[in-house]
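A quick write-up on the structure given underneath.
No lab work stands behind these numbers, since they all come straight from the coordinates. Predicted model only: the values in this text are computed from it and were never measured. Positions of Cβ are backbone-derived with ideal geometry, glycine not excepted, and every protein chain shown enters the neighbour counts.
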Amino acid sequence: MQPESRSVWPVVGAVFTGLWITGITWFLQAGWWTASELAVTAGATFYPIYAAAVTVGNAVLVAGSAALLLLSPRVRVVGKVWLGAALVLGVIGLARAIPGPYHEWFLAAQIVLLAPFAWRVRGWGALGLATGLAVAVPWAWGGSLGGWVESLLGVVLAFVAGYAAGGVLRRFPGGFWAGGLVAGVALLVVAAGIGQPGVSLTLMLLLAPLGFVASVLRAPGQIAAMTTGLAVGPLLFVDPGELSLSLNFGSRDVGYWAALAVGLSLVVVLMFIILYGVAARHPLPHPAVAAAMVLIVLAGGTFVYFGLGQPGWHGDRLFVVLKSQADVGGLKGAPAVHERLTSHAASTQQGLRKALGERGLKYKPYYLVNAIEVWASDPVTRGWLSSRSDVDRVLGNPELRPVPERPEPLKGDKAAPSSPLWNVEIIGAPAAWASGARGQGVVIGSSDSGVDGTHPAIAAGWRGGSDSWLDPWYGTKTPTDLNGHGTHTVGSAAGKNGVGVAPDAQWIGCVNLGRNMSNPASYLDCMEFMLAPGGNPARAANVLNNSWGCPVQEGCDPQTFAPAVRALRAAGIFFVVSAGNTGPFCQSGRDVPSRYTESFSVGAVNKDRQVTSFSSRGPVAGRIKPDITAPGAAILSALPGGGYGELDGTSMAGPHVAGVVALIWSANPELAGNVERTEQILRETASPVTAVDSESQPIGECGDTRNVTGAGLVSASGAVALARSAR
């Protein structure tokens with residue numbers, strides 16, 4: 001039997017342990033991030049404590065594996081290094097129990113947790129810093145900074161994380177290959193805990209291969225500086241909440257540019273591995289040369305940031321909801337409701353507005369919900385606002401950071417229809433048209449990604465004038481759509497030539513969702529515009545189509561828009577909302593505003609009158625939801641540039657119901673503004689829906705079948721016929 005000092009088996013065991021640690025860390029971190037994103041997209045509740053538990057569990061598994069290596073003197077030093085990395089991961093992972101909207105608190109918590117590990121290393125290394133910063137330069141182009149407090153905390157976190165990594169690698173095996181592999185595994189484990197899960201994945205991709213560079217740098221200070229320089233890229237230039245699947249699915253948004261930055265950084269990493277591998281047997285550059293390299297990289301990064309990037313602060317904001325909300329009971333009509341809301345907001349917000357001004361904080365007041373958007377998100381301001389006696393609660397108001405190029409709008413490749421589409425036929429719209437009801441005299445409001453006002457199917461329907469279009473996102477002056485979603489929904493509601501349900505209705509538009517994520521303030525911008533376009537409630541829209549929802553990650557809580565929807569109902573404005581695309585799970589339609597009693601929420605059916613698998617289900621807060629269903633699968637409608645294309649979703653179903661309401665009110669103008677009676681007509685005339693598609697659960701799985709089907713499939717012909725005889 002060979003002496004242990006010459007046996008190859010401890011080394012083999014260390015290799016397999018390294019592979020196991022690498023595999024389990026990637027599986028848990030990437031798997032958890034993907035699973036949590038899919039769960040949120042499907043409407044499931046996400047608890048941050050789970051992220052902390054997964055990270056700590058990851059650390060325990062790594063530590064247990066590394067501890068076995070301590071039994072062999074030959075690989076004991078490897079076990080100690082990986083055990084130290086596991087300890088760092090387990091400690092900083094605790095911060096992930098802090099909810100995502102409290103990002104500054106999260107960064108501060110990680111700094112505090114990592115600080116004890118950072119003090120183990122003294123000094124720093126210019127060569128390591130130059131290396132790390134060079135790898136981080138692509139992030140200054142592809143990303144953008146948040147607020148100054150968030151950015152400062154990100155720099156400090158990068159520093160303490162770098163020095164914690166340097167402490168872990170104070171002693172590790174020599175040699176480019178052996179040392180590089182050991183250091184790479186350790187850096188991978190440390191990176192798995194730095195920042196939120198989405199950000200940490202980018203750091204894992206970049207830091208792990210830099211283990212080979214660390215094997216040449218050797219000095220803990222050099223390794224600490226390298227890790228610090230690299231970490232500032234993802235930590236400063238990307239918001240972890242903007243890496244979500246909901247924002248980036250099918251769109252060249254933040255996730256696309258982050259992936260591009262990772263790819264470019266990996267090219268730089270590979271160059272450094274080759275360079276350091278060749279120079280492994282030669283002395284490192286003189287400190288003066290290394291310092292010059294730092295200055296050169298900083299100059300290059302500065303040029304990239306200011307010349308090619310998106311300079312400036314782009315931090316999140318706060319949405320402050322006051323305790324006193326206006327009572328609109330007994331009021332009728334938009335002018336009366338508008339007067340009550342604006343006077344109430346002016347009187348009750350006076351003290352808070354004064355205090356904000358004294359602190360030099362920019363703000364924007366709202367009245368449809370008695371609230372104020374504050375241009376700050378730091379913990380001190382949030383704590384001060386929460387402590388005020390006139391404030392009910394403080395919500396996050398996330399602001400999307402800019403990207404190098406705006407995402408391309410959807411383009412249609414289908415021909416213009418020559419006859420009414422199947423989705424228009426299936427609800428009986430042509431029969432309603434034949435009776436003279438075509439939506440004339442009714443104004444449909446679209447709060448969406450925008451509208452291509454030049455599209456031939458919808459151009460003639462725009463009401464026109466300066467009070468018929470608002471674009472808080474891009475500042476366009478005439479109807480424009482840089483996404484495509486809004487053009488499609490307006491086409492289904494009011495498009496001509498067989499595309500839409502109410503071809504003679506007029507429409508007005510507002511951009512509340514320029515990209516695939518928004519916030520409470522942006523949604524309210526458009527809701528207030530629909531109540532009083534240009535400040536004039538006499539020009540209010542009659543019917544609102546809302547093919548959007550505001551989930552928790554966008555800053556909303558269950559009651560965010562409840563006062564707004566109640567006020568719009570009192571104003572006689574019919575509020576149609578898409579139920580959401582989080583089916584087929586029961587109780588999945590929980591986003592606001594579709595969950596409210598005052599909202600008329602719409603689920604989706606396909607061409608065979610089957611409820612689609614993606615259509616959100618109830619019950620919601622003890623209420624039956626959705627209220628009704630409409631066609632929402634493979635819906636052909638207008639897209640920017642004059643083309644046509646098919647889209648799926650309850651976003652496509654909602655406009656059908658908005659169009660039917662327009663038909664009802666054009667058939668019997670005396671019903672206009674009578675929201676309750678119109679809802680009754682829609683429910684009473686809906687066609688039965690008794691089936692779901694093949695990917696759904698049985699129709700009775702959610703208790704009352706109406707939690708899947710609503711009152712049934714909306715019927716334009718039946719509703720118009722009943723409306724003509726209604727009083």
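According to the square roots a ≥ b ≥ c of the eigenvalues of the Cα gyration tensor, what is the shape class of segment 212-326, taking rounded for a/c under 1.5, prolate for a/b larger than b/c otherwise, and oblate for the remainder? Walk me through the intermediate numbers first.
Details: a/c = 2.62, a/b = 2.19, b/c = 1.19.
Verdict is prolate for segment 212-326.
Under a 5 Å amide H to amide H cut-off, with H placed in plane at 1.01 Å, what residues pair with Val592 once short-range neighbours are removed?
Long-range HN contacts for Val592: Cys550.
Using the Karplus equation 6.51 cos²θ - 1.76 cosθ + 1.60 (θ = phi - 60°), what ³J(HN,Hα) coupling, rounded to whole Hz, does each residue of segment 487-497 give in order, writing x for Gly and Pro?
Listing the rounded values in order: 4, 5, 5, 5, x, 5, 7, 9, x, 9, 6 Hz.
So who's got an amide H within less than 5 Å of the one on Glu373, skipping anything under 5 residues away but keeping other chains? H placed 1.01 Å off N, in plane.
Val320, Lys364, Tyr366
Give the residue from Val443, Val403, Ser389 lying farthest towards the positive end of the charge dipole for segment 336-468; charges sit on Cβ (+1 for Lys and Arg, -1 for Asp and Glu) and the dipole is referred to the Cα centre.
Ser389
Could you let me know the centre-to-centre spacing of segment 704-727 and segment 216-244, using Cα atoms, in angstrom?
Going from one Cα centre to the other spans 58 Å.
Which value, in debye to the nearest 20, describes the size of the charge dipole of segment 342-399 about its Cα centre when Lys and Arg Cβ atoms bear +1, Asp and Glu Cβ atoms bear -1, and nothing else is charged? Walk me through the numbers before you get to the answer.
Details: 8 positive and 6 negative charges, 23 e Å.
In debye, rounded to 20, segment 342-399 gives about 120.
Is the shape of segment 9-308 rounded, prolate or oblate, going by the alpha carbon gyration tensor and its root eigenvalues a ≥ b ≥ c, with a/c under 1.5 for rounded and a/b larger than b/c for prolate? Before the final figure, lay out each step's value.
On the way: a/c = 1.68, a/b = 1.11, b/c = 1.52.
Here segment 9-308 falls in the oblate category.
Which entries of Lys362/Lys411; Lys332/Lys411; Lys414/Lys477; Lys323/Lys625; Lys364/Lys477 have Cα-Cα distances beyond 32 Å here?
Numbers: Lys362/Lys411 39 Å; Lys332/Lys411 42 Å; Lys414/Lys477 29 Å; Lys323/Lys625 28 Å; Lys364/Lys477 21 Å.
From the list (Lys362/Lys411; Lys332/Lys411; Lys414/Lys477; Lys323/Lys625; Lys364/Lys477), the Cα-Cα distance tops 32 Å for Lys362/Lys411; Lys332/Lys411.
Quick one: 3J(HN,Hα) in Hz for segment 409-424, Karplus 6.51/-1.76/1.60 with θ = phi - 60°, rounded, Gly and Pro as x.
Coupling constants for segment 409-424: x, 5, 10, x, 10, 9, 6, 5, x, 9, 8, x, 5, 4, 5, 6 Hz.
Can you work out the Karplus-derived ³J(HN,Hα) for every residue in segment 146-160? Use 6.51 cos²θ - 1.76 cosθ + 1.60 with θ = phi - 60°, whole Hz, and x for glycine or proline.
So the Karplus estimates, Gly and Pro as x, are x, x, 5, 5, 4, 5, 4, 5, x, 5, 5, 5, 4, 5, 5 Hz.
Between the DSSP loop rule and a limit of at most 13 other Cβ atoms within 10 Å, which GluC sites (Glu not before Pro) in segment 648-727 are left?
Values: sites: Glu670, Glu676, Glu679, Glu684, Glu695, Glu701; in loops: Glu695, Glu701.
Those that pass, being in a loop and sparsely packed, are Glu695.
Using a cut-off of 15 Å between beta-carbons, work out the net charge of the residues near Tyr256 (Lys and Arg +1, Asp and Glu -1, Tyr256 not included).
Numbers: positive: Arg252, Arg401, Arg406, Arg515; negative: Asp239, Glu242, Asp253, Glu405, Glu408.
Value of the local net charge: -1.
Quote to one decimal, in nm, the extra length available between Ala459 and Lys354 on full extension: 0.36 nm per residue of separation minus the C-alpha distance between them. Walk me through the numbers before you get to the answer.
Working: separation 105, 0.36 × 105 = 37.80 nm, distance 4.46 nm.
Stretched out fully, the Ala459 to Lys354 stretch lengthens by 33.3 nm.
Using a 7 Å offset from the Cα along the Cα-to-Cβ direction at both Tyr474 and Ala691, what is the distance between the two label points in nm, to one decimal?
For the pair Tyr474/Ala691, the computed spacing is 4.1 nm.
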